[in-house]
Every structure is written in structure tokens, then in C-alpha cells.
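I have placed the structure first, in the form of C-alpha cells, so that the comments after it can refer back to it.
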């Protein structure tokens, strides 16, 4: 668990599905949501409670998906990030074959009033540490819209670099999602006995 001066970063619990739903809907109302998320507010708001319950259950204890939140001292969730473990040989969220077992970072959001406070750093530290703790995960990746300079700037500062791979946006193929990757540090790499 990471901690900022005000927030504690931790995995969500399955019974926190109402908070998961609330924060996701808030994220989807953000002005940059159309270039930051593949999902729309309208689609997410129409989902039944059972959808959010399953989502929270899957993100709370799984070894393939884990959602982390930054929780303020008053219990407010100031931000979130989710890590999906992609398995070699399966298709990724864009329908492309995954070549190696890796972590995919998605659903990154920090409430506007908490931006610049270190919340995003604490979320990423916790999320990436979790990914590195899993067997055979040697790389983390994420996708950032070519016009989302603020997000790309943070990802670069954290150590992610462009891989050169791009994916056209579903709704506007003239715009691209840029893949950024972060290799597991050598001192954390799995070693054979």
C-alpha cells in the first residue's frame, strides 16, 4: 500500500461497487474522457447494478485484474487505476494478439481537485508494484491518445516510453492511440533457481 500526505492507495473491495460506479461515471464526465477512455458515460450509466457488482468483485481480489484507489482521510476516493494481466496468445482490448504475459494499465483517473498532489504517482507505484509481483510479468503497457499531452507527460515522467506501436481510434481512425511501455527493472526480474 502506498501513501501520499493525504491518501492511502489500496485495492478496492467487492462491496464497494457503488463507489466504483460513482468514480467511473465521474471519470467519464471529465472533459478529456472522449480521448482518455474507450467507454462512454451513456453506456456506463445504463449498466445495471449487477455489472458494477461483477466489476468490483473482479477488480478486488483477482490475479488477472486489480483496481486500486487513492482514498483520502475522509474516505473520499481521489483517484483510481486498473491493471489487467494480458496472457500471451490471447487478443488484447483492440483485438490484436498478445505476444508476452504483460500488464495493461487502464482506467486512470484522478479527481480534478486532487491533480498535482502526488495521487497519480502513488496510484502508479502501487499498480506497477502489484504487476511486478506476479510471475512472468516483465512489462507494463498502456495506451494514450495522441492528443492527450498531459497524460503522456506523466507516463513519460514515470518511465514509460513510446513503443512505436499505434492503434487507430475506433470512432475516428484518423486519430491514434500510442502504446507506451515500461520494462520490469532488472533487479526485480524473475530469476531461475
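Rule-based calculations on the coordinates, nothing more; no lab input. Being a predicted model, the structure only gives us computed values, none of them experimental.
Results, tabulated for the structure shown:
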{"read-out": "Helix-only mean residue ellipticity at 222 nm for the chain, each DSSP H run of n ≥ 4 adding -39500 (n - 2.57), per residue, nearest 500", "value": "-9000 deg cm²/dmol"}
{"read-out": "Residue with peak Gaussian network fluctuation, the chain [Cα springs, cutoff 10 Å], from 163, 50, 174", "value": "174"}
{"read-out": "Length-normalised contact order for the range 7-188 - Cα pairs under 8 Å, 6+ apart - percent", "value": "18 percent"}
{"read-out": "Difference of contour (0.36 nm per residue) and Cα-Cα distance, residue 115 to residue 8", "value": "37.0 nm"}
{"read-out": "Overall form of the range 90-193 per C-alpha gyration tensor (a/c, 1.5; a/b vs b/c)", "value": "oblate"}
{"read-out": "Kirkwood Rh, Cα atoms: Rg over Rh of the chain", "value": "0.94"}
{"read-out": "Stretchable slack from residue 149 to residue 33, in nm (0.36 nm times residue separation minus alpha-carbon distance)", "value": "40.4 nm"}
